[in-house]
1. How do the pairs read when you match residues in segment 195-219 that are of a type in the set (Val, Ile, Thr) with residues anywhere that are assigned to a loop (DSSP other than H, G, I, E, B), using Cβ under 8 Å and keeping only pairs 6 or more apart or on different chains?
2. Within the set of pairs 6+ apart or on separate chains, which have a first residue in segment 288-299 that is over 16 Å from residue 80 (Cα atoms) and touching a residue at least 40 places away in the same chain (Cβ under 8 Å), a second that is charged (D, E, K, R) and surrounded by 24 or more Cβ atoms within 10 Å (Cβ to Cβ), and C-beta atoms under 6 Å apart?
3. Is one or more of the residues making up segment 663-671 at pLDDT 90 or above and either open to solvent by less than 30 Å² (accessible area, probe 1.4 Å) or of a type in the set (D, E, K, R) (or both)?
4. Of everything in segment 728-753, what is part of a loop (DSSP other than H, G, I, E, B) and surrounded by 14 or more Cβ atoms within 10 Å (Cβ to Cβ)? Give them in sequence order.
5. Restricting to segment 97-111, count the residues that are in contact (Cβ under 8 Å) with a residue 60 or more places away in the chain and buried (at least 22 other Cβ atoms within 10 Å of the Cβ).
6. Among the helices (runs of 4 or more DSSP H) lying completely within segment 288-402, list those that include at least 3 residues that are hydroxyl-bearing (Ser, Thr, Tyr) and in contact with a helix residue (DSSP H, G or I) (Cβ under 9 Å, 6 or more places away or on another chain).
7. Condition check: modelled with pLDDT under 90 and closer than 23 Å to residue 277 by Cβ. Does residue 574 satisfy that?
8. If you check residue 642 against the conditions, is it modelled with pLDDT under 95 and crowded, with 21+ Cβ neighbours inside 10 Å?
Amino acid sequence: MKFLLFTFGLLLSVPSLFAQNFYAAGELQDIKITFFQTNWDAKMDSLKNAVNDQGFLLAKSIEINGEVFDSVGVKYKGNSSYNANNAKNPLNIELDYVIKNQNYHGIQDIKLSNGFSDPTFIREALSYEILRQYMAAPQANHAKVSMNGVYWGLYTNVESINKSFARQHFFTDGKNPFFKCNPADIGGPGTGGNYPDLVYSSADSSFYYNKYEMRSDYGWRQLLNLMDTLKNNPAKVDKILDVDRALWMLAFNDICVNLDSYTGAFGQNYYLYYDDNNRWLPVVWDLNMCFGGFPLLSAGGGGGLSLTQMKQMDPLVQSANASRPLIQKLLANPLYKRMYLAHARTILQENFSNDDYKIRALELQAVIDAAVQADTKKFYTYANFLANVNTAVTGNGGGGFGSIPGITDLMGGRQTFLNNNAVFSAAAPSISAVVPVSGSLVRVNAQILNATAVTLAYRFDTSAVFLKTTMYDDGQHQDGTAGDGLYGGFFPALGTQAQYYVYAENGAAGRFSPERAEYEFYTVAATPLVPQAGEVVINEFLADNMIGAADEAGEVEDWLELYNNSSIEQILSGLYLTDDVTKPTKWAFPASVVLPSHSFLIVWLDENGLQGPFHANFKLNKGGEFLMLSDGAGLVLDSLTFGQQQTDVSTGRFPNGTGPFVAMPTTFDATNSLVSATGEVQNLPALRVSPNPVNGLLQLQSPVPLGRLEVLNALGQPVLTADGQGQTTLQLDFQTLPVGLYMIKTGLTRPCLILRAE
């Protein structure tokens, strides 16, 4: 089994950041639980049945590899794998049930599976090990468990998918929308019916309460949006779903005959997490019945698939099933279908083209062999344990499915079938010699044959979404001569280190390089061009927003607008905003942010980064303060100090992008103007003034009688006032005012700008 790839340049994978020894592959843990009660088994049965798998029994202590913890919570978990008549049920242990933050090397939540429907005892550990090569997935090994001094048997020890998992893998604080997608009321084959299949049936979130278990404080609106998009606007699904990660999940389920999953009868056993890019990320869960242990493709499937049917299962299984919209809609897209098949081929070739997976299975079994022999409560015999790696074992094992396929028998037959399947084995492009050239514009060349289209994907932060550009073999992109198979592509340096991969396809098949992309990728150093002073400016801000523009959450907040004065796009990554001159790096722009030429960007100043990437960690003081845009290391692109602000009156540059700051009607995300967006000022007559510029007396002539008027400085502060008393002409003395730009407001005429000159 290939767990590392080495190729030209630097290739990175994204392993779990949480490689604790407690889950180290091939290691056997020792867990001893001491209950206060002797009838603890009956107590936990009662709690599970009474409160639908939510009640913990307080245990006196638990010892983990010699370390003792007091007052922990223990409960039975599982749906089909749990039964009050089982000699050994799956366990969930909460170390912090009573003592806040109590943990074992950072772990607070322990999940232990009971070997249900798996004579080998290694289906979970082996399949998770395969899956982690392609997407974030739990770690798994084994644990010997004792209850009140009695050895209770061997369990599979699987890393919990929780907020801690989300923080480690998805670069968030773990508080985003989060759903577990295997409801407790399914209860096993033929029961329930509330499947988390992502079918959109109602705009009322309460319709789905029995289908999905929300693990966050909010998220129904986002989940319904995903289902609605799959049904009604699948062309936009990439905006709210990590499509590549979903394709890896579906390819794994198909290749490894993992049908107790979204692909199978109940459309379950996965999690969905909503990341800071506003995309749903799927995570696979519960692999104890992988490799054919669960044979049902549909809820009414009777006895399920035979061994031959599992070996010959369609590589596009469920692609015509409207009850599996994640499969149906994604594989209806020709591009996604080719990408899916590329991932499926990678999984098959890297893991099942030789005997490496069999060798690995036997290695994992060797670690637990003695513990299995000593386990008197296991569902299958020791002889079954040894045999089922290769051959089928008959016996319900608590599952009621009869024969459990031998892993190597199933996967050997599956490989033969798929390699002879026309759709699966279509000739894909070949990709070699992927060579990057660093600079402010990064160039990538690759030798590619049998391709009709080639895409270069890039990003500058692991938490960011890959951007896409086309590679060409036309002799005009530093790619040699046209048609020679050498492709060239470019992308701007938006950070100091780029992550990238290449995808090539023809009408029948596609291929990635590296083949485990997007989970793995190449890297290259880059030299981003930093905007210079005046190229990107603070263009407008509103420090007291009461009835104006609202953010993504519908909240009316203060905001700041940037403007790109230049004729080229500008990279904002590496720049900072602050309201404190002593803290120049107070708020950093997100990675890979580009501001197009002569375009605007709004940053909400609301101290609420959870609402999106452009929400700064500071607010404005309407009484006046400081603002600065800089690189945090001494280069100041723009800064200003402002005074008292008026409610719903912004301060902005006039003329737009280059002029001094003046009080003005808000022009949110638009060219600054002294004309109100409502047209109120536009319908007023113009005030005539002369001379302009002025260095002495200013003559005013109005087509309507003047009333009270104000002269405001560039900070929006009144510096002169006068009362026209119904007159149509008036003089104002500018001799005492400093040089600068001023605005005259009367309320009866349009505001006008006056330059006080020397």
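The values are calculated or read from the model by the stated rules, or taken from the named source; none is laboratory data. Everything quoted here is computed from the prediction, not taken from an experiment. Here the Cβ positions follow ideal geometry from the backbone for every residue, glycine too, while neighbour counts run over all protein chains shown. All accessible areas refer to the heavy atoms of the entire protein, side chains included, with ligands and DNA or RNA removed. Shrake-Rupley method; radii C 1.70, N 1.55, O 1.52, S 1.80 Å.
1. 199/322; 199/323
2. Listed pairs, sorted by first residue: 291/123.
3. The answer is yes, given that some residue of segment 663-671 is at pLDDT 90 or above and either open to solvent by less than 30 Å² (accessible area, probe 1.4 Å) or of a type in the set (D, E, K, R) (or both).
4. Within segment 728-753, 734, 737, 746, 748, 749, 750, 751 qualify.
5. Residues meeting the conditions: 1.
6. 334-352
7. Taking the combined requirement at face value, the residue satisfies it.
8. yes
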